[in-house]
Amino acid sequence: AQSVTQLGSHVSVSEGALVLLRCNYSSSVPPYLFWYVQYPNQGLQLLLKYTSAATLVKGINGFEAEFKKSETSFHLTKPSAHMSDAAEYFCAVTAASGTYKYIFGTGTRLKVLA
Amino acid sequence: DGGITQSPKYLFRKEGQNVTLSCEQNLNHDAMYWYRQDPGQGLRLIYYSQIVNDFQKGDIAEGYSVSREKKESFPLTVTSAQKNPTAFYLCASSLGMNTEAFFGQGTRLTVV
């Protein structure tokens, strides 16, 4: 069965510092991977998605993620954190070939310090 | 604008009452989903539907029911059998397999 692990339920960075949020997946077949952001009391918004076209995926708000098959990872990065990046971030993967389901990680709450 | 509309945003109910959460989409998506979100537990799948008049249980379906009579609509009923109904509920839709899900703004249900 597919699974997604997000290392670190809480991450704090200083404004202007590098943001690195970790996501590892388990999959026996090439997966479709997604990163979402959630602001308080709101729904999830898609940041970026990996669909096998390119290993480095650029998303909205300056975020990007790199798919590394050898490490089964899809870490999210942003070179310089902004106060507005403070939110919860979820990594997700399609559950299995032939299904419409998704598997979500448990989320990482990003705090940006002034 | 295309999107997913959940209503209401906040809902209060007395214990023992059934309550129905609305979810409508105008994206022409085939698949729709209901998730429950509790602090520190991420998103847990309640029910999902791949086509009209068909739906499947997710990981935590007990105490919930759904219907999919129209492509655009996927209402969720929280029944009195649900032991801990107070939570944030998210509806989503997707075009099909291996595509991204789009989410509504959520409904926060509080049962007192």
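Within segment B:35-43, is even one residue touching a residue at least 60 places away in the same chain (Cβ under 8 Å) and within 13 Å of chain A (Cβ to nearest Cβ)? Yes.
Among the residues making up segment B:81-98, those that are facing chain A (nearest Cβ under 8 Å), in a loop (DSSP other than H, G, I, E, B) and free of Cβ contacts under 8 Å to residues at least 60 places away in the same chain are B:M97, B:N98.
Scanning segment A:1-44 for residues that are in contact with a Cys (Cβ under 6 Å, 6 or more places away or on another chain) and closer than 16 Å to A:K111 by Cβ gives a single hit, A:Q6. Filter segment B:1-55 down to residues that are more than 11 Å from B:Y89 (Cβ to Cβ) and among the acidic types (D, E) and give me whichever is surrounded by the fewest Cβ atoms within 10 Å (Cβ to Cβ). Checked segment B:1-55; the qualifying residue surrounded by the fewest Cβ atoms within 10 Å (Cβ to Cβ) is B:D1. Restricting attention to segment A:1-38, and to residues there that are within 14 Å of another protein chain (Cβ to nearest Cβ) and touching a helix residue (DSSP H, G or I) at 6+ places or on another chain (Cβ under 9 Å), which single residue is nearest to A:A96 (Cα to Cα)? In this case the residue turns out to be A:P30.
Please enumerate the residues belonging to segment A:41-77 that are surrounded by fewer than 18 Cβ atoms within 10 Å (Cβ to Cβ) and within 10 Å of chain B (Cβ to nearest Cβ). Result: A:N41, A:Q42, A:Q45, A:L46, A:T51, A:S52. Selection of segment A:81-94 for residues being surrounded by 21 or more Cβ atoms within 10 Å (Cβ to Cβ) and either in contact with a Cys (Cβ under 8 Å, 6 or more places away or on another chain) or in a loop (DSSP other than H, G, I, E, B) (or both) yields A:A81, A:C91.
Of the candidates B:A61, B:A87, the single residue that is within 23 Å of A:F104 (Cβ to Cβ) and surrounded by fewer than 20 Cβ atoms within 10 Å (Cβ to Cβ) is B:A61. The single condition from (1) at the interface with chain A (Cβ under 10 Å from one of its Cβ atoms); (2) surrounded by 21 or more Cβ atoms within 10 Å (Cβ to Cβ); (3) within 23 Å of A:T99 (Cβ to Cβ) that B:V66 fails is (1).
Rule-based calculations on the coordinates, nothing more; no lab input. Note that the structure is predicted; figures quoted are calculated from it, not measured. Here Cβ is always computed from backbone atoms with ideal geometry, including for glycine, and neighbour counts include all displayed protein chains.
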